[in-house]
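The values are calculated or read from the model by the stated rules, or taken from the named source; none is laboratory data. Treat the numbers as computed from the prediction; the structure is a model and nothing was measured. Quick reminder, even Gly has a Cβ in these numbers, built from the backbone with ideal geometry, and neighbours come from all protein chains shown. Please note that ligands, DNA and RNA were not included when accessible areas were found on the heavy atoms of the full protein model with its side chains. Shrake-Rupley method; radii C 1.70, N 1.55, O 1.52, S 1.80 Å.
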Amino acid sequence: RQMCIRDRPYELHFYPTQLDKYGRVPGDLFAADGRRLSTLVVEAGYGVPVGRLQAARQRELLDAGARARQERRGLWGSHAEAFAAWADVAVAPGRR
């Protein structure tokens, strides 16, 4: 059963009985406008998508990351070479 905690301007959705391989409870944090915080972080250039996600969710994050890289946002602008080296390893197909 999905649970939701609302504390404006954020909303946390999670399944307390589902654990990932590390024993953590996965969830999504949504901003007041309905966008996922993870997408906002990737879009701003301060994160990259990693892990196995549903195809639509994976595409959303990959597109956000591509836009950030192209527009040199966040670490793609200030530390592009170092961030690219880390990001390419983090999202390598063998690590998904």
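Summary of computed values
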{"item": "Leading residue by the ranking (nearest to GLY27 (Cα to Cα)) among those in region 50-86 that are within 13 Å of the chain's Cα centre (by Cα) and among the acidic types (Asp, Glu)", "result": "GLU60"}
{"item": "Test for GLU60: is it of a type in the set (Asp, Glu), surrounded by 15 or more Cβ atoms within 10 Å (Cβ to Cβ) and at negative phi", "result": "yes"}
{"item": "Subset of region 46-93 that is of a type in the set (A, V, I, L, M, F, W, C) and not in a helix (DSSP H, G or I) - its residue that is nearest to ASP20 (Cα to Cα)", "result": "LEU53"}
{"item": "Candidates ARG67, ARG6, ARG52, ARG73 - the one that is open to solvent by less than 80 Å² (accessible area, probe 1.4 Å) and either among the basic types (Lys, Arg) or modelled with pLDDT under 85 (or both)", "result": "ARG73"}
{"item": "Residue match in region 23-39 (condition: touching a residue at least 12 places away in the same chain (Cβ under 8 Å), on the phi > 0 side of the Ramachandran plot and either charged (D, E, K, R) or open to solvent by less than 60 Å² (accessible area, probe 1.4 Å) (or both))", "result": "no"}
{"item": "Pairs, first hydroxyl-bearing (Ser, Thr, Tyr) in region 64-80, second outside any helix (DSSP H, G or I) and open to solvent by 20 Å² or more (accessible area, probe 1.4 Å), C-beta under 9 Å, six or more apart", "result": "SER78/ARG72"}
{"item": "Qualifying positions in region 10-45 - among the small types (Gly, Ala, Ser), in a loop (DSSP other than H, G, I, E, B) and under 30 Å from SER78 (Cα atoms)", "result": "ALA31, ALA32, GLY34, ALA44, GLY45"}
{"item": "Which listed residue, of ASP28, ASP33, is in contact with a Lys or Arg (Cβ under 6 Å, 6 or more places away or on another chain) and under 18 Å from LEU12 (Cβ atoms)", "result": "ASP28"}
